[in-house]
Amino acid sequence: MTEKMFMGSALCEAETDGSVTLPAFVREPLAVRSDGTTILVGSHEVDICLTGYDPGHAVELQEECRRRRLAEEGSKPGACHMRARRIFGLLHAISVDADGRCILPELLRRRARINDAVLVVGTGEAFELWAPQIALYGQDAGMRALASLSLEMRAA
């Protein structure tokens, strides 16, 4: 079961064109969950980062939107439409080559403020892509520590 989960973290280089080589802890579960040639990447619902999934996860995202819409029906008019636009309006299908390289679209890089490095963090069913400088000053103390240590190790 754990071979299907995105677990781990790595600080990766990001080229000026948005090219990033995904770490093994992303590539390996992706190959188990799908054919490994495509990922879905979109804006995180809360944090200033990106979230990545295997292509099949889009169905689960749609189901979650549907569940929330039914739960909120009448109490929060329009909330389900705003959520769906946030999730699917910025969701991109991105090709991954045999070496694990992909190109993050400029729109997403700008939204997450990713420049020359990206901190990739597994979250089980998904993974996050952070600009290390953003993670350094976020609300999550664990992410701040992870970003700090990753940048320190990169500099060494």
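The values are calculated or read from the model by the stated rules, or taken from the named source; none is laboratory data. All values reported here derive from a predicted model rather than from experimental measurement. Positions of Cβ are backbone-derived with ideal geometry, glycine not excepted, and every protein chain shown enters the neighbour counts.
Tabulated data for the structure shown
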item: Tally, over the range 5-64, of residues that are free of Cβ contacts under 8 Å to residues at least 40 places away in the same chain and in contact with a Pro (Cβ under 8 Å, 6 or more places away or on another chain); result: 2
item: Single condition Phe88 does not satisfy, out of (1) over 14 Å from the mean Cα position of the chain (by Cα); (2) exposed (fewer than 15 other Cβ atoms within 10 Å of the Cβ); result: (1)
item: Residue check, Ile103 farther than 15 Å from His44 by Cβ and modelled with pLDDT of 95 or more; result: yes
item: Hey, Ile134 farther than 14 Å from Gly8 by Cα, surrounded by 12 or more Cβ atoms within 10 Å (Cβ to Cβ), touching an Asp or Glu at 6+ places or on another chain (Cβ under 7 Å) and of a type in the set (A, V, I, L, M, F, W, C) or not; result: no
item: Qualifying residue in the range 66-82 (condition: outside any loop (DSSP other than H, G, I, E, B), surrounded by 18 or more Cβ atoms within 10 Å (Cβ to Cβ) and at pLDDT below 80); result: yes
item: Residue under evaluation Ser150, criteria (1) over 20 Å from Asp17 (Cβ atoms); (2) of a type in the set (S, T, N, Q); (3) not in a helix (DSSP H, G or I), criterion not met; result: (3)
item: Filter pass, Gly56 being surrounded by fewer than 18 Cβ atoms within 10 Å (Cβ to Cβ) and either farther than 22 Å from Leu136 by Cβ or over 14 Å from the mean Cα position of the chain (by Cα) (or both); result: yes
item: Single unsatisfied condition, Val26 versus (1) β-branched (Val, Ile, Thr); (2) over 23 Å from Arg144 (Cβ atoms); (3) modelled with pLDDT of 90 or more; result: (2)
item: Tally of residues being in contact with a helix residue (DSSP H, G or I) (Cβ under 6 Å, 6 or more places away or on another chain) and either in a strand (DSSP E or B) or within 19 Å of Asp35 (Cβ to Cβ) (or both) across the range 10-23; result: 1
